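Below is one structure; the comments refer to it alone.
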Amino acid sequence: MKIKRLAHIGVAVKDVDEVAKVYTELLPLEMTSTDMVGELKTGFLPVGDTSVELVMSTEEDGVMNKYIGKRGEGVHHLAFEVDDIDQAVAELKEKEVPLTSDGPRPGAHGSRVVFLHPKATRGVLIELVEYPEGH
C-alpha cells in the first residue's frame with residue numbers, strides 16, 4: 001500500500017455552513033466545495049495539500065448525529081489518500097485488520113473509501129481514500 005498524503009481531517013459537525021464560518025471568518029480559509037454522500041453533507045476547506053472536511057448528518061437519526069450525541073462536535077477521522085484502495089484493502093485483510101465495511105464504498109468527490117475500525121488503531125478512526133484520476 002502506498003500512502004500519498006494526508007488527504008483531510010474529518011470534523012463531525014451539526015451544521016456544515018455554520019461551522020464553516022469558524023474557518024472562513026476567524027482564519028483565512030475558504031470552503032471550496034460541498035458534496036452529498038448518502039445522508040451526509042460534507043464541506044471542504046483546503047489547507048495546502050490537505051483539507052479540513054466538515055461532515056454533518058442530514059437525517060435526525062443519521063450517523064454523525066449519533067456520533068455527536070455521544071462525543072460532541074470535533075475531530076472525527078484522519079483520511080489518507082492511497083494510490084490503489086483495492087490493494088490496500090487486500091493488504092489490510094491479509095493482516096486481519098478490522099474494517100468498518102467489507103470493502104470500499106463511495107465517498108465525496110467521486111472517491112472510494114474504507115475505514116479502519118478504531119479498535120485496531122488505538123481509538124483513531126482512519127479512512128483510506130482513492131480519488132478518481134484528475135481529482
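A short reminder: the numbers here are calculations on the coordinates, not readings from a lab. All of these numbers come straight from a predicted model, not from anything done at the bench. Every residue, glycine among them, receives a Cβ derived from its backbone with ideal geometry; neighbour counts consider all protein chains shown.
Quick rundown of the values:
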{"item": "Test: residue in the stretch 97-107 that is in a loop (DSSP other than H, G, I, E, B), under 20 Å from Val37 (Cβ atoms), touching a residue at least 40 places away in the same chain (Cβ under 8 Å) and in contact with a strand residue (DSSP E or B) (Cβ under 8 Å, 6 or more places away or on another chain)", "result": "yes"}
{"item": "Checking Pro118 against (1) farther than 21 Å from Asp15 by Cα; (2) free of Cβ contacts under 8 Å to residues at least 12 places away in the same chain; (3) over 17 Å from the mean Cα position of the chain (by Cα), the condition it does not meet", "result": "(3)"}
{"item": "All positions within the stretch 61-96 that are in a helix (DSSP H, G or I), touching a residue at least 60 places away in the same chain (Cβ under 8 Å) and among the small types (Gly, Ala, Ser)", "result": "Ala88"}
{"item": "Residue count for the stretch 1-38, restricted to those that are under 15 Å from the mean Cα position of the chain (by Cα) and surrounded by 15 or more Cβ atoms within 10 Å (Cβ to Cβ)", "result": "10"}
{"item": "Pick from the stretch 68-83, criterion surrounded by 14 or more Cβ atoms within 10 Å (Cβ to Cβ) and more than 19 Å from Asp17 (Cα to Cα), ranking: farthest from the chain's Cα centre (by Cα)", "result": "Val82"}
{"item": "Residues located in the stretch 6-21, provided they are under 19 Å from Met64 (Cα atoms) and either in a loop (DSSP other than H, G, I, E, B) or without any contact (Cβ under 8 Å) to a residue 40 or more places away in the chain (or both)", "result": "Val13, Lys14, Asp15, Asp17, Glu18, Ala20"}
{"item": "Lone qualifier among Lys41, Lys93, Lys119 - being surrounded by fewer than 12 Cβ atoms within 10 Å (Cβ to Cβ) and of a type in the set (Lys, Arg)", "result": "Lys119"}
